[in-house]
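Since every read-out is calculated from the coordinates, none of them should be taken as a lab result. Predicted, not measured: the structure shown is a model, and the values here were computed from it. FYI the Cβ positions are ideal-geometry reconstructions off the backbone, even for glycines, and counts take in every protein chain you see.
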Amino acid sequence: MRILTVVGARPNFVKIAPLLDEMRRYPEMEAILVHTGQHYDDEMSKDFFRDLEIPTPYLNLGVGSGTAVAQTAEIMLRLEPVVEETQPDLVVVVGDVNSTLAAALTAAKMGLPLAHVEAGLRSFDRAMPEEVNRVLTDALADFLFVSEPSGVENLLSEGRPEERIYLVGNVMIDALDRFLPRAKRHPIPSELQARGKSHVDLTGPYGLVTLHRPSTVDNLATFRVIWAALEEIAKELPLIFPVHPRTQSRMVEGELSGSWQDASDGIRVVPPMSYLEFLRLQSEATLMITDSGGVQEETTALGIPCLTVRENTERPITLSEGTNLLVGLNGRRLVEEARKILRGEGKKGHVPELWDGHASARIVRTLSGAILPAKANPNYALGGLLPDRIAQSAALRFSGGDGREPQSCVLRNPADSSVIYPA
Ligand code: UD1
């Protein structure tokens, strides 16, 4: 059984690592990893592969930067011959970046079954490039692996068939659980060790900041408001701000901070961090300020108070059960809520059900349970394994806890509806 996995951007790497790890436990599974090259700087890509122990990709498509349309189209063009050459039984995509949608469209156009990990999340904000990617990828996917109950509701309300939807938990938390002990021992990035005007004493309290969304940083007036709020907070709590390339460009344009060395008092601006460096700092932070999706989830799992500088979130469980709070693009609110956290009045939360480190085990088990028996069926032929036949016939649910054992899994022979799995 050959599975083509496609990744392109930083958050993809974190999600694919535990899945590839799990696939290695199944001798009959062959995972082929393709990197689209959407993220190409060492700090955004290679360092993540190293930290997360992801094998070298079979191929890097090298698409690089571009508009969303150019990026998506270019990935599709370059992926098509790879699919022809490798003849996978299934394509697996994760998350919501342009590479996710491009690979999903390629799989669908080439008649291959598609699994989407982190399906169903919705911000209901079509101005977000990721929202368009999510909606379209989910419309195409045959296996919809969901991380929180809101995702199941969203997919059902969009008319996706129930039997294609699997509530499995969160693969990003699988990676966190696995790598946290190592991250805790990881050396502090050299940029943070240098003494100077904006040195941050990491043995004392500090806040961690990440901002990179177009809606936060592309409009300079908005970004300036948020930056002023950060300067205000930094008077009471030193802040560490690893800066994404998009944000760095905007900072230079807006003359907020010209270079890594030239930071404001109390705000330590550093280049993007590797996974282990960032996880270590995140796990020991007093508070997190972010517009990232994944960081909202990681802080909920770690129990660190998180202020999300956005008007909405596609991850509502981090609000209802976790430590996350939406402050909008509102500088005054950001400062007020940060002060509350400093007074010890920050939001408390708990880790959502199924965010237990076993999501990838559930996903890979589901795929193996659905596809391997189908391949063993005499009616099977590549291309004959039509998505509808798999998904309409496989029913698999998890109840919580470890959940490694599926409660039920039935695969019917499409020809005569007889049960072919379990045998
Ligand atoms: C992408 C994802 C976003 C994710 C983020 C994580 C989409 C639509 N967005 O946004 O969901 O949260 O990754 O980082 O796919 N750049 C570099 N070096 C790199 C990568 C990018 O300099 O290694 C520059 C690009 O040239 C471009 C900017 O950063 O100017 C944005 O890159 P792009 O991949 O288009 O989107 P992200 O903002 O990174």
What residues qualify as long-range amide H neighbours of Ala285, i.e. H under 5 Å apart, gap of 5 or more or another chain, H built at 1.01 Å from N?
none
Gain in span if fully extended, Asp42 to Ala73, counting 0.36 nm per residue against the direct Cα distance:
8.8 nm
Summed over the other residues with a beta carbon less than 11 angstrom from that of Glu314, with K and R at +1 and D and E at -1, the charge totals -3
Which helices of the chain meet both criteria: a Cα extent of 24 Å or more along the helical axis and a mean Kyte-Doolittle score no lower than -1.0, with helices taken as whole DSSP H segments?
68-86, 359-376
For labels at Thr222 and Asp201 in the simple 7 Å Cα→Cβ model, what's the distance in nm?
3.7
In 10 Å bins starting at zero, report the fraction of Cα pairs in segment 85-131 per bin as a rounded %.
25, 50, 20, 4
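First measure r as the distance between the Cβ atoms of Arg246 and Ser157, then evaluate 1/(1 + (r/R0)^6) with R0 = 41 Å and state the FRET efficiency to the nearest 0.05.
Details: r = 33 Å, r/R0 = 0.79.
The calculated FRET efficiency here is 0.80.
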Restricting things to alpha carbons, tell me how big segment 318-376 is in terms of Rg and Dmax, in Å.
20.1, 62
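Hey, any idea what Rg/Rh is for segment 1-51, computing Rh the Kirkwood way over Cα pairs? Show your work: numbers first, answer last.
Values: Rg = 11.5 Å, Rh = 11.4 Å.
Here the Rg-to-Rh quotient is 1.00.
Applying 1/(1 + (r/R0)^6) with R0 = 25 Å to the Cβ-Cβ distance of Arg2 and Ala139, what FRET efficiency is obtained, to the nearest 0.05? Mind dumping the intermediate values first?
Details: r = 25 Å, r/R0 = 0.98.
Using R0 = 25 Å, I get an efficiency of 0.50.
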Give the residues of segment 296-311 whose amide nitrogen is closer than 14 Å to a point set 7 Å from the Cα of Lys184 in the direction of its Cβ.
302-303
Pairs of alpha carbons in segment 251-331 whose separation is greater than 14 Å (percent):
66
Return the sequence-ordered ³J(HN,Hα) values of segment 201-207 in whole Hz as given by the Karplus equation 6.51 cos²θ - 1.76 cosθ + 1.60 applied to θ = phi - 60°, using x for Gly and Pro.
7, 6, 7, x, x, 8, x
Largest-first principal axis extents, alpha carbons of segment 189-342, Å
40, 34, 27
Rotationally averaged projected area of the chain (alpha carbon convex hull; nm²):
19.2
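Find how much the distance from Arg333 to Tyr58 grows on full extension, using 0.36 nm per residue of separation minus their present alpha carbon separation; answer in nm with one decimal.
Values: separation 275, 0.36 × 275 = 99.00 nm, distance 4.68 nm.
Using 0.36 nm per residue and subtracting the Cα-Cα distance, I get 94.3 nm.
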Using a Cα-Cα cut-off of under 28 Å, which lysines could be cross-linked to Lys15, ignoring same-chain neighbours fewer than 8 residues away?
Lys46, Lys109, Lys184, Lys347, Lys348, Lys375
Kirkwood-based shape ratio for segment 143-229, expressed as Rg/Rh from alpha carbons
1.15
How many nm separate the modelled label positions at Ser65 and Glu255, each set 7 Å beyond the Cα in the direction of the Cβ?
2.2
Would you mind calculating the relative contact order of the chain from Cα pairs under 8 angstrom and at least 6 residues apart, reporting the percent as a whole number?
15
